[in-house]
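The values are calculated or read from the model by the stated rules, or taken from the named source; none is laboratory data. Small disclaimer: the values here were computed from a predicted structure and weren't measured. Positions of Cβ are generated from backbone atoms using ideal geometry, with glycine treated the same way; all protein chains shown enter the neighbour counts.
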Amino acid sequence: MIHRYSRRELIQSLCGGLGTIGLAGMLADEQARAATVHTAGPHFPPTAKHNIFLFLVGGPSQLDMFDPKPSLQKYAGQRPPSTAGFRTERVTGGLLPSPFEFKKYGQSGIEVSDLLPNLAKSIDDICVIRSMYTFNPTHTPARNLFHSGNIAATRPSMGAWISYGLGTENQNLPGYVVLSPGNESGLWRSGFLPSEHQGTLFNDAPTEPDKMIRYLQNKELDQQQQRKQLDLVQALNREHEQSFGEDEFLEGRIRAMETAYRMQFEALDVFDLRKEPESVRNEYGSTPFANGCLLARRLVERGVRTVHVFYGPGQPWDDHKGIDKALRGRCPDMDQASAALIRDLKRRGLLNETAVVWGGEFGRTPVSESGDGRDHNPYGFTMWMAGGGVKGGMVYGATDEFGFQAVDKPVSIHDLHATVLHQLGIDHEKLTYRYAGRDFRLTDVYGQVVKDILA
Amino acid sequence: MIKFWALLLAATPLSGQAVNAEFFEKEIRPVLAGKCYGCHSSKLKSPMGGLVLDTKAGLRKGGNGGAIVTPGDPKASRLLSALSYTDAELRMPPTGKLTDREISAFAQWIQAGAPDPREEAPATAGPAPIAPKGMSVEAGRKWWAFQPVSELTAPAVNDTSWSRTKIDRFVLAKLEASHLKPSIAADPGTLIRRAYLDLTGLKPTYEEVQAFVQDKASDAYERLIDHLLASPAYGERWGRYWLDVARYAEDNPTSEATNPPYPFAWRYRDWVIEAVSHDTPYDRFVKLQLAADQMPGVSRQDLRALGYLGTGPVYHKDARLSKDVIETLFTDDWDERVDAVSRGILGLTVACARCHDHKFDPIPTKDYYGLAGVFASTVQAPRPLNEIDAETEKRFMDAAQRMFFLNYASNLMRGEPGTKPEESFKKADNYKAECERILASMESLKDQHPEMYAYLSRMVPRPKPAAPVNPEPKPPAPAANVEPKPPAQPAPRRRAGGSTEPFTNSVFDEGLWVDGSDPDLTTLDTKPGVARDLHVLPHGNVAAPGDLAPRHFLSVLSKEDPTFHQGSGRLELAQRIFGDAAPLAARVIVNRVWDWHFGKALVATESDFGTQGEKPTHPELLDDLAARFMANGWSLKWLHREIMLSATYRQSSKPREDGIQGDATNHLLWRMNPRRLDVEAYRDSLLEAAGTLDRTAGGVSADLDQDTNARRTVYGRISRSNLNTLLKLYDFPSANLTSPERELTTTPLQQLFVMNSPFIQAQAEALVKLVRSEPGVAFTPEATVRALYRRVLARDPSAKEIDLAISYLNGSTLPQYAQALLSSNEVIFWP
């Protein structure tokens, strides 16, 4: 376990240009110090180096995309006794059949609705988990649970844990990047982990890089002028350090300045989608979510450890009414971009080292709300995973006859976290952090790796 | 229920299997071993509920409540109802319901007579979990941190000329034992900068530095310290340190109907600053924050102190969630209070004892619930600041508390009427009517306390016009005699900003119970003036309460009966902390103050003085200082002087080869620790250098992102849900939990802020303008550079630095130069 006494000292002394690098990254660079530092991870050979989390804020409807339930048609409008026990948030009526048609796709023959023609074509690369469940039917706590394993807003997010455990491979970019068209929440917090592990938010609605991150570009100076100014700053810094003496903080800040200077251009480059060929951009589409997916690929390609892409702003997938029309409007760009991401990663040989996860904070009810909508459903819903050692063309688990509750091989949020960490070579029971007198984990005292879906 | 079992048995995927020994080994034993043995094993000293499941005999016998399995009759077997979570009193395993498949396996197994092939010896399915063996309360009484403190004789030292105060002898003795020498004294320019930043969070001006450097009187430094301790900036600086420990913020992690922002939180912040400025004795300072409303001779203004509890984070309790879920959410809130008080004030991780006895420290679960009961008997609410008699205040508080819930419940029932809209609307109307009745009963407030009446009237629900009609199920047809709906009015939403109305976010004594008797809406049952003792909740599970834990203080710190009797027990808690536990409380705050002065604490785990914490580097020094701190009336200003007048504090912070070799982490204090500025001192000093700092004290907070906000950072809005970017960037702690220390990082993203933010650019522009307007500054580049150095760094530039400036200015502008100067390391360095 960590050599606690020097934790703060370690961070202070090593942060410098390595500010966004986790302990493991530091270790690689600072072998000499390895003896005094704990080893966070990896604990065993990983099957993935990166994690991309596509998060559909609001709770997408599994029943209209990945979990076909013919019984909804058969008992349409009725409320069979087995569905009576589930408390829903709002007024709900009888069973609402999906207005969408399911067909079998790929060699695996997995059923996908006609809302998702592109993902359907990639289904043989996807593992559909139909038996997810969660503990809270309310958006904010459920989202906290999803991102940090706890409903309280105090725990570090999964991305922060991964950054802490593995660090980044690119010192010029943050190790944990969040792409979202809104700044709606602190879901990418580092909690009690050192703050360099918090997610760095980039707004992916615009495509001009300097609009995506604050302070990325100098509005006053051109590159040459900026270099000249920085040269002056560094000359002053060296003068100062000469009079004070060698100091890790002073040295670290000199390095961090240079990293920041380079980051401006590296980020400008990586975030500039105009540098992608027209054909690739067309493949993804041009919505914020499409930008996010394409950026996610560009970021993992450059060594960023974790990228979370939020489909927002607000909680668009919260389809309490008019779900038919709403999904017809929203699914095409989500489908196109998510599928393009899988294809693109695969083409570049990155899919086998990138754990892609898709889902929302919960699913939706088979019973109707407002006649044509669906209420929140934490009891059973679908997520999918692809790449990073996950079996493609597989369906895992099942909900009941109507898709209300996960009944076969239920997978909890903690199980999902344990599985993603496992892909990255981390034993979720060993990735701990000593805080407030005890060791904390992402999975608390829960979580089992879903081994059956791993190749 | 019968139908449920029938369904389970029928739907089971196991229906084809024979229920035999193999079935037990495959389906039953793994679940018992994985989910139950942790608490129900013959290897445990005291298995939960007296139930042992790892032996055949134990399973057959059952626990304290009798048999749990009736072979052949699943319906009559308590094991099955516990597993299926149908019994609200007994749900197992507490960590989460088993899968239906697992439950149906148990049903099948019991149906088939519960065949158990195990030998009559304990199972050997795996190593039994080792019962955690924490320290007993008896053994704990001997723990170093709990011992009385007394003044100690300073150790003998070889170098008798270096020491200035008693502190120095303790430090020097250790250095000499390690063959290290202390560093020379810092030069006066460094010393005055260090002292200014330390006590005020601001830098001295060039003129102040010059005056100090030229003052050759032997008491010049002492006078400087006294001057700084008396300045208003001192309270702003040291109040902020406490606010980290107090996890001060003005809203909640989420902001929903039952946990809106705290509009009067800023009054607590102002109270802390004032109290610190006035050198309120630390024991009284803390007592007021826990129980100002129960202490004699306390002014109403001091009720602001209760913001410590009154602005603590709470989570949304959606009344449609079940009783157990709501109860759990409340236990989470209480847990936060236990954690804040125990770690923040006592340096003990009591919250570790929520689910089981503390695994290392002498803190039984019963002690945890004894403390949690205090907070279960204390509710948050704004209290009036104006003078008011106790009876009227009580009536007001009760009314406000009830109306808050009625308002919420009524809006909820109307806005989201659930599956039985008719009933819901009726409920909404009833709640509203009750609200109106309560308001009517408070009419008498109108004349004497119109602000309080106005406050209450805002809580009467103002339903929006009827929601659009849903196709199914049909909302009730409006009855003919229904009164017309009032015209649409904006819902009484509280804005995130602060309010200056005469109230303060506070607490008062009221026991709180969760009422699950209404199947549609979980309600709250509050009893003013009645305290609530909690039951121990093994595994934190509200559905399986254990023994009653009357409200009481930590056993290990109590010399006599630790039970609390007065109201919630808040005052008794405060008295115990500064009675039986005073030595510990003194050690904890002395150690924090030491940390804030030196950037490194004597006990490196500032909020953990238990067995998992670090031992002090200088135990005698800590004890002696704590004893003298108490003897000097718990005066923080005494402590500051004692520390800052020491030769230890006045050392140079420059690196020394022998020191780095001998003690790289400077545990022995062979030099002062050089540091990075915290975000408050950094932002404030940038504003001050540019001449833009607004020194207005106190009042409602403003967003730090506003261009026009040039007030000290301590007056910026602190949010739990959306912390300001600059604060986040520079390691401001999350206010969701008490924070023992800031981990000061140095990241590239911070440098992007320095290089490219409009904030820094604006300060550079303002700085140039200011220097240009100073009388007597010649219009030459050299004179301007000199003036800039004096403003920003309070010193004159060297010849080399002037050369660098002149050559840079050839082709660049003065604001660009000024920005470079503001970006340099020296500006953010605290030597």
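Taking segment A:242-253, which residues are at the interface with chain B (Cβ under 7 Å from one of its Cβ atoms) and free of Cβ contacts under 8 Å to residues at least 40 places away in the same chain?
Narrowing segment A:242-253 to residues at the interface with chain B (Cβ under 7 Å from one of its Cβ atoms): A:244-247, A:249-250, A:252-253.
Scanning segment A:242-253 gives A:F244, A:G245, A:E246, A:D247, A:L250.
Working carefully through the options A:A355, A:A337, find the one that is in contact with a Cys (Cβ under 6 Å, 6 or more places away or on another chain), more than 12 Å from every other protein chain (Cβ to nearest Cβ) and buried (at least 24 other Cβ atoms within 10 Å of the Cβ). Outline the logic, then answer.
On the way: A:A355 fails: in contact with a Cys (Cβ under 6 Å, 6 or more places away or on another chain).
Going through A:A355, A:A337 in turn, just one is in contact with a Cys (Cβ under 6 Å, 6 or more places away or on another chain), more than 12 Å from every other protein chain (Cβ to nearest Cβ) and buried (at least 24 other Cβ atoms within 10 Å of the Cβ): A:A337.
Scan A:V407, A:V395 and give me the residue that is in contact with a helix residue (DSSP H, G or I) (Cβ under 6 Å, 6 or more places away or on another chain) and not in a loop (DSSP other than H, G, I, E, B). Please lay out each step first, then the result.
Working: A:V395 fails: in contact with a helix residue (DSSP H, G or I) (Cβ under 6 Å, 6 or more places away or on another chain).
Sole residue among the options that is in contact with a helix residue (DSSP H, G or I) (Cβ under 6 Å, 6 or more places away or on another chain) and not in a loop (DSSP other than H, G, I, E, B): A:V407.
What are the residues in segment A:199-226 that are of a type in the set (S, T, N, Q) and either within 11 Å of chain B (Cβ to nearest Cβ) or surrounded by 17 or more Cβ atoms within 10 Å (Cβ to Cβ) (or both), if any? Give the steps one after another, and end with the answer.
We begin by selecting, within segment A:199-226, every residue of a type in the set (S, T, N, Q); these are A:200, A:203, A:207, A:217-218, A:223-226.
Passing the criteria: A:T200, A:N203, A:T207, A:Q217, A:N218, A:Q224, A:Q225, A:Q226.
Scan segment A:386-394 and give yes if some residue there is surrounded by fewer than 24 Cβ atoms within 10 Å (Cβ to Cβ), within 14 Å of another protein chain (Cβ to nearest Cβ) and within 12 Å of A:I129 (Cα to Cα), otherwise no. Steps first, please.
Let us first name the residues in segment A:386-394 that are surrounded by fewer than 24 Cβ atoms within 10 Å (Cβ to Cβ), namely A:389, A:391-394.
Next cut, within 14 Å of another protein chain (Cβ to nearest Cβ) only: none.
No.
Condition test on B:L729, is it under 25 Å from B:D678 (Cβ atoms), more than 7 Å from chain A (Cβ to nearest Cβ) and modelled with pLDDT under 90?
Working: under 25 Å from B:D678 (Cβ atoms): yes; more than 7 Å from chain A (Cβ to nearest Cβ): yes; modelled with pLDDT under 90: yes.
The answer is yes for B:L729.
Just the residues that are of a type outside the set (S, T, N, Q) and outside any helix (DSSP H, G or I), please, taken from segment B:200-238. Write out each step before concluding.
Filtering segment B:200-238 down to residues of a type outside the set (S, T, N, Q) leaves B:201-204, B:206-209, B:211-213, B:215-217, B:219-230, B:232-238.
Once the filter is applied, which keeps residues that are of a type outside the set (S, T, N, Q) and outside any helix (DSSP H, G or I), segment B:200-238 yields B:G201, B:L202, B:K203, B:P204, B:D215, B:K216, B:A217, B:D219, B:A230.
Out of everything in segment B:404-429 that is surrounded by fewer than 21 Cβ atoms within 10 Å (Cβ to Cβ) and of a type in the set (G, A, S), what residue ends up being modelled with the lowest pLDDT?
Among them, the one singled out is B:G418.
Being farther than 22 Å from A:E208 by Cα and facing chain B (nearest Cβ under 7 Å) is the filter; apply it to segment A:255-267 and report the residue that is modelled with the highest pLDDT.
Our first condition is that a residue be farther than 22 Å from A:E208 by Cα; within segment A:255-267, this holds for A:255-258.
Now restrict to residues that are facing chain B (nearest Cβ under 7 Å): A:256-257.
Values: A:A256: 88, A:M257: 93.
Selected residue: A:M257.
Tell me whether segment A:43-64 contains one or more residues that are more than 14 Å from every other protein chain (Cβ to nearest Cβ), within 22 Å of A:V309 (Cα to Cα) and hydroxyl-bearing (S, T, Y).
Within segment A:43-64 (the criterion being more than 14 Å from every other protein chain (Cβ to nearest Cβ), within 22 Å of A:V309 (Cα to Cα) and hydroxyl-bearing (S, T, Y)), the answer is yes, since at least one residue qualifies.
Take the residues in segment B:405-415 that are out of contact with any Ser or Thr (no Cβ under 8 Å at 6 or more places or on another chain) and within 14 Å of chain A (Cβ to nearest Cβ), then tell me which one is farthest from B:H316 (Cα to Cα).
That would be B:G415.
Residues in segment B:750-759: is at least one at the interface with chain A (Cβ under 9 Å from one of its Cβ atoms), surrounded by 21 or more Cβ atoms within 10 Å (Cβ to Cβ) and either at pLDDT below 90 or more than 42 Å from the chain's Cα centre (by Cα) (or both)?
no
Please enumerate the residues belonging to segment A:227-239 that are surrounded by fewer than 20 Cβ atoms within 10 Å (Cβ to Cβ) and facing another protein chain (nearest Cβ under 7 Å).
A:K228, A:A235, A:E239 - these are the residues of segment A:227-239 that are surrounded by fewer than 20 Cβ atoms within 10 Å (Cβ to Cβ) and facing another protein chain (nearest Cβ under 7 Å).
Among the numbered conditions (1) within 18 Å of A:H417 (Cβ to Cβ); (2) β-branched (V, I, T); (3) more than 9 Å from chain B (Cβ to nearest Cβ), tell me where A:T154 comes up short.
(3)
Could you please let me know if B:D705 is at positive phi and either crowded, with 21+ Cβ neighbours inside 10 Å or not β-branched (V, I, T) (or both)?
On the way: at positive phi: no; either crowded, with 21+ Cβ neighbours inside 10 Å or not β-branched (V, I, T) (or both): yes.
For B:D705, the condition - at positive phi and either crowded, with 21+ Cβ neighbours inside 10 Å or not β-branched (V, I, T) (or both) - is not met.
Please go through (1) surrounded by fewer than 23 Cβ atoms within 10 Å (Cβ to Cβ); (2) in contact with a Leu (Cβ under 6 Å, 6 or more places away or on another chain); (3) at pLDDT 95 or above for B:E765 and return the number of the only condition it doesn't satisfy.
Only one criterion in (1) surrounded by fewer than 23 Cβ atoms within 10 Å (Cβ to Cβ); (2) in contact with a Leu (Cβ under 6 Å, 6 or more places away or on another chain); (3) at pLDDT 95 or above is unmet by B:E765, namely (2).
Check segment B:698-706 and report whether any residue there is in a loop (DSSP other than H, G, I, E, B) and at the interface with another protein chain (Cβ under 9 Å from one of its Cβ atoms). Give the steps one after another, and end with the answer.
Step one: of segment B:698-706, the residues in a loop (DSSP other than H, G, I, E, B) are B:698-701, B:703-706.
Restricting the remaining residues to those that are at the interface with another protein chain (Cβ under 9 Å from one of its Cβ atoms) gives none.
So far as segment B:698-706 goes, no, none of its residues is in a loop (DSSP other than H, G, I, E, B) and at the interface with another protein chain (Cβ under 9 Å from one of its Cβ atoms).
Limited to segment A:415-455, what total is found for residues that are within 14 Å of A:V390 (Cβ to Cβ), assigned to a loop (DSSP other than H, G, I, E, B) and either among the charged types (D, E, K, R) or in contact with a strand residue (DSSP E or B) (Cβ under 9 Å, 6 or more places away or on another chain) (or both)?
Kept after step one, since they are within 14 Å of A:V390 (Cβ to Cβ), are these residues of segment A:415-455: A:415-416, A:418-424, A:449-455.
Checking which are assigned to a loop (DSSP other than H, G, I, E, B) leaves us with A:424, A:449-450, A:455.
Now restrict to residues that are either among the charged types (D, E, K, R) or in contact with a strand residue (DSSP E or B) (Cβ under 9 Å, 6 or more places away or on another chain) (or both): A:424, A:450, A:455.
So the count comes out to 3.
Please tell me if B:A353 is under 30 Å from A:N377 (Cα atoms), of a type in the set (A, V, I, L, M, F, W, C) and more than 8 Å from chain A (Cβ to nearest Cβ). Full working, then the answer.
Working: under 30 Å from A:N377 (Cα atoms): no; of a type in the set (A, V, I, L, M, F, W, C): yes; more than 8 Å from chain A (Cβ to nearest Cβ): yes.
For B:A353, the condition - under 30 Å from A:N377 (Cα atoms), of a type in the set (A, V, I, L, M, F, W, C) and more than 8 Å from chain A (Cβ to nearest Cβ) - is not met.
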